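Novice: Next up is a structure, given as structure tokens.
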């Protein structure tokens with residue numbers, strides 16, 4: 001798998017073909033064999049070769065560091081996506097590799113594009129057009145030190161460095177707020193985050209250094225959006241797509257504003273839209289029921305109106321079934337995940353295998369964190385759970401980028 005990277009990383013290039021970046025006849029590792037068996041992974045492996053070559057060409061003094069990072073990443077895939085001695089894990093391993101490859105290709109493509117000179121909006125646009133289809137690409141633009149926005153943040157500096165301790169903070173910025181105050185690089189802009197009641201809710205406040213005092217300023221993105229980057233007087237907000245109900249039609253958005261003359265001024269905005277693919281990550285069902293459930297799940301996530309208009313069922317009508325859901329989860333060794341108590345869960349009545357069943361559609365949580373999987377559970381009234389499918393939407397294909 002990409003052996004040329006590990007030897008000299010000076011491979012001149014080859015014409016595009018239907019195979020991965022290496023000869024499948026010489027595949028010796030579990031990961032290489034998995035790549036050769038999957039057209040999607042083969043395509044991603046070629047994308048990875050191209051992206052790495054481009055990043056290497058633009059790496060300059062960071063060439064050796066990039067080579068080391070690539071070796072480490074390649075070595076980590078076996079551990080991350082294993083164990084490899086259990087045939088039953090093949091589906092999970094395939095999904096894991098697809099996910100890891102997509103993220104890494106996006107990171108390398110963004111790094112290569114970010115190295116090119118030019119105004120910040122032009123650099124961000126090049127990075128978005130060159131990068132892979134995942135939403136994580138957008139986040140990397142504002143959180144990676146080598147991205148176009150070059151974030152360099154210092155956490156908790158308000159209480160443990162002489163430089164920050166000497167600054168005059170607003171009187172209502174309490175000790176907790178000061179502890180969570182951070183600054184991006186040498187920018188005069190600051191952000192304070194304070195938890196409000198639970199870790200799922202936080203309050204953000206923004207400040208600017210003026211005449212050796214920290215002065216509160218207006219929010220660069222009023223509402224639900226949050227500024228991810230504040231270096232060079234620039235703030236960026238990301239709105240990710242892929243909502244449970246609106247998976248295909250909700251694009252990802254990136255907006256940049258800049259602090260000029262005591263006010264935030266728009267710089268540029270981008271919208272990215274990608275196609276997505278339904279990928280099962282775990283099945284605990286067999287036979288016709290499982291096949292029917294998967295067909296239903298694919299149709300639902302593709303926003304097929306035939307299944308979207310099916311009759312809904314309320315939780316209060318299924319109270320006798322809720323304990324069965326928890327018991328089913330415990331049997332699957334996923335007891336920490338709660339997908340039975342959420343008000344966001346959807347219950348749909350559908351005919352599967354010739355009989356009426358209720359399908360649960362939701363997203364499991366671990367504490368306050370939403371797990372990035374969709375859950376499809378099938379329940380027969382009075383009998384509890386009879387099938388279970390866990391899956392994830394994965395982006396694929398080139399992203400469409402629009403600049404405004």
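Throughout, read-outs are computed from the coordinates displayed, never taken from laboratory work. Everything numeric here is computed off the predicted structure, so don't read it as measured data. No Cβ is skipped: glycine too gets one built from the backbone with ideal geometry, and neighbour counts run over all protein chains shown.
Novice: Quick one: length gained pulling residue 171 to residue 288 fully straight, 0.36 nm per residue minus the C-alpha distance? Kindly include the intermediate steps, with their values, before the conclusion.
Specialist: Working: separation 117, 0.36 × 117 = 42.12 nm, distance 6.57 nm.
Full extension of this stretch gives 35.6 nm more.
Novice: Something else: Quick check: pseudo-label points 7 Å beyond the Cα along Cα→Cβ at residue 43 and residue 19, how many nm apart are they?
Specialist: If labels sit at residue 43 and residue 19, their model points lie 2.0 nm apart.
Novice: Going by average Cβ neighbours within 10 Å, how do the peptides 203-209, 263-269 rank, with the highest at the top?
Specialist: Details: 203-209: 17.0, 263-269: 14.1.
Highest mean packing first, the order is 203-209, 263-269.
Novice: A further question follows. Label points 7 Å out from Cα along the Cβ direction at residue 310 and residue 353: separation in nm?
Specialist: Result for the modelled spin labels: 1.4 nm.
Novice: Taking the simple approach of a point 7 Å from Cα along Cα-to-Cβ for both residue 86 and residue 57, what is their distance in nm?
Specialist: Distance between the two pseudo-spin positions: 4.3 nm.
Novice: Find how much the distance from residue 213 to residue 295 grows on full extension, using 0.36 nm per residue of separation minus their present alpha carbon separation; answer in nm with one decimal. Could you put the intermediate results ahead of the total?
Specialist: Working: separation 82, 0.36 × 82 = 29.52 nm, distance 6.08 nm.
23.4 nm is the gain from fully extending residue 213 to residue 295.
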